[in-house]
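Only one structure is covered here, and it is reproduced in the block below.
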Amino acid sequence: MKKRVLITGAAGFLGSHLCDKFIQEGYEVIGMDNLITGDMKNISHLFEHEAFKFYHHDVTTFVHVPGTIDYILHFASPASPIDYLKIPIQTLKVGSLGTHNLLGLAKEKKARILIASTSEVYGDPLVHPQDESYYGNVNTIGPRGVYDEAKRFQESMTMAYHRFHGLETRIARIFNTYGPRMRLNDGRVIPAFIGQALRGEDLTVFGDGLQTRSFCYIDDQIEGLYRLLLSDYSLPVNIGNPEEITILDFAKEVLKLTDSDQKIVHQELPKDDPAQRQPDIALAKKLLGWEPKVSRQDGMEKTYAYFKGLTKEELFKSEHKDFSKHIRN
Ligand code: UDP
């Protein structure tokens, strides 16, 4: 009998790659998504597998799945600053109500659950690099608060189910991750820069560009998450790539990679944009024997190849996705 795994946010960037991984590893996969930010295109290739099923469902309402479930991976959430500015209440609901529903389902099915948390729980960190013992510096009422606080609540709720109900839980604190299937217009820096380069536009660096990020290639991220799920550790674990770069230097790398001669232009820095972010991954190394293997150069080449494969129409449809018809706040 194959083990059965439920993956929420299955049509999203991380979720769809997780579906691929679990199908490859011989699991039966149930993907679930309400398709607000996800895209069926990311999982259409999976429908040829008998072991893959898809439920179009919003996890902020009661989640029913017939039969047994061995593992749940909760990856449903908007995850880019522009998205959660546009759908702030949905973002809060999926991290809080959605998490509660999935924890309840995990308890009912006696399943182990892995929750996608985020480096955003550290906010604009005063400690650098960030290890799991840092409590964070988050503005609860700022524009990013809807995401950050939902994820912090999610961690508390998950630990409460673990401690009170004895549920098997895992918490991944995911740092910036990139690769094929990111949405071109989700506002995140990597699709933004590559899209601009491909359209012949100048690259928009927010602020002076001296803020840092550390970018993890999707294959490394998925391997880390997979190992964490199968580990026996229930406290939060950072999963990310510790190689840190300023956004300005990164913009220059993208110009070189894409062989573009456009300029870099500066735009206003969004509110509460963290000044620096770099994971301390000592715990993941020790616990999971895991560390990233893909260099930024290799990962960016693969990502660029993916975006080059988009149609002209997709590339020039530059407006941000319209969520209005989906929203029920
Ligand atoms: N950023 C930028 N230009 C863009 C998009 C983003 O300079 O067109 C910056 C943004 O201000 C932030 C960094 O790139 O400092 C990473 O932004 P992203 O939205 O990808 O992720 P997050 O801020 O959540 O780490």
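Derivation of every value follows stated rules applied to the coordinates shown; laboratory data play no part. Because the structure is predicted, anything quoted here is derived from the model rather than measured. With ideal geometry, Cβ positions are generated from the backbone for all residues, glycine too; neighbour counts draw on all protein chains shown.
Could you give the angle, 0 to 90 degrees to the nearest 10, between helix 13-24's Cα long axis and the longest principal axis of the Cα atoms of the chain?
50
In degrees from 0 to 90, rounded to the nearest 10, what is the angle of the helix 218-230 Cα long axis to the longest principal axis of the chain?
Long axis of 218-230 versus the principal axis of the chain: about 20 degrees.
Using the Cβ atoms and a cut-off under 15 Å, what net charge is assigned to the surroundings of residue 40, where Lys and Arg are +1 and Asp and Glu are -1?
Working: positive: 41, 53, 181, 183, 321; negative: 20, 33, 39, 48, 314.
Its environment carries a net charge of 0.
Divide, for the chain, the radius of gyration over alpha carbons by 2.2 N^0.38 Å, where N is the residue count.
On the way: Rg = 18.9 Å, N = 329, 2.2 N^0.38 = 19.9 Å.
After normalising by residue count via 2.2 N^0.38 Å, the value is 0.95.
Can you compute the modelled spin-label distance between residue 97 and residue 2, with each label point 7 Å from Cα toward Cβ, in nm?
Result: 3.2 nm between the two label points.
Given labels modelled 7 Å from the Cα in the Cβ direction, how far is it in nm from residue 24 to residue 44?
Placing both labels 7 Å along Cα→Cβ, they lie 2.2 nm apart.
How many angstrom lie between the C-alpha centres of segment 31-57 and segment 176-250?
Measuring centre to centre over Cα atoms gives 23 Å.
So which of 263/286; 3/312; 107/321; 3/151 end up more than 32 Å apart by C-alpha? Please list the in-between numbers first.
Numbers: 263/286 43 Å; 3/312 41 Å; 107/321 35 Å; 3/151 28 Å.
Where the Cα-Cα span goes over 32 Å, the pairs concerned are 263/286; 3/312; 107/321.
Give the residue list of trypsin sites (Lys or Arg not before Pro) in segment 1-32 that are DSSP loop and have at most 15 other beta-carbon atoms within 10 angstrom.
Details: sites: 2, 3, 4, 21; in loops: 2, 3.
Within segment 1-32, the qualifying trypsin sites (Lys or Arg not before Pro) (loop, at most 15 other Cβ atoms within 10 Å) are 2, 3.
Indicate the gyration tensor shape class of segment 76-200 (rounded, prolate or oblate), computed on the Cα atoms with a ≥ b ≥ c the square roots of the eigenvalues: a/c under 1.5 is rounded; otherwise a/b larger than b/c is prolate and the rest oblate. Present the calculation step by step, with values, prior to reporting the outcome.
Working: a/c = 1.98, a/b = 1.63, b/c = 1.21.
Prolate.
What dipole magnitude, in Debye to the nearest 20, does segment 154-231 give about its Cα centre under +1 on Lys/Arg Cβ and -1 on Asp/Glu Cβ?
Here segment 154-231 has a charge dipole of around 220 debye.
At most 11 other Cβ atoms within 10 Å and a DSSP loop assignment: could you name the trypsin sites (Lys or Arg not before Pro) in segment 166-272 that fit? Intermediate results must be reported in sequence, preceding the final value.
On the way: sites: 170, 173, 181, 183, 188, 199, 213, 227, 252, 256, 263, 271; in loops: 181, 183, 188, 263, 271.
Hits after loop and neighbour filter: 263, 271.
Each label point is 7 Å from the Cα along the Cα-to-Cβ direction; what then is the distance between the points at residue 137 and residue 266, in nm?
Using points 7 Å along Cα→Cβ, the separation is 2.1 nm.
What GluC sites (Glu not before Pro) in segment 278-321 are in a loop by DSSP, with at most 11 other Cβ atoms within 10 Å of the Cβ? Provide the component values of the computation, followed by the final result.
Numbers: sites: 301, 313, 314, 319; in loops: 319.
Listed in order of number, the matching sites are 319.
Lys and Arg at +1, Asp and Glu at -1: add these up for the other residues within a Cβ distance under 15 Å of residue 84 and post the number.
Working: positive: 86, 93, 144, 151, 152, 183, 188, 271, 321; negative: 83, 120, 148, 149, 186, 272, 273.
Charge balance near residue 84 sits at +2.
Out of the DSSP beta bridges found with both residues in the chain, what percent are antiparallel (nearest 5)? Numbers along the way, then the final one.
On the way: 3 of 39 bridges.
Bridges in the chain are about 10 percent antiparallel.
Return 235, 203 ranked ascending by Cβ neighbour count within 10 Å, so the fewest neighbours appear first. Numbers along the way, then the final one.
On the way: 235 14, 203 26.
Least to most surrounded, the residues fall as 235, 203.
Calculate, in nm to one decimal, what residue 317 and residue 246 gain on full extension: separation in residues at 0.36 nm each, minus their alpha carbon distance. Show your work: numbers first, answer last.
On the way: separation 71, 0.36 × 71 = 25.56 nm, distance 2.83 nm.
Full-extension gain reported as 22.7 nm.
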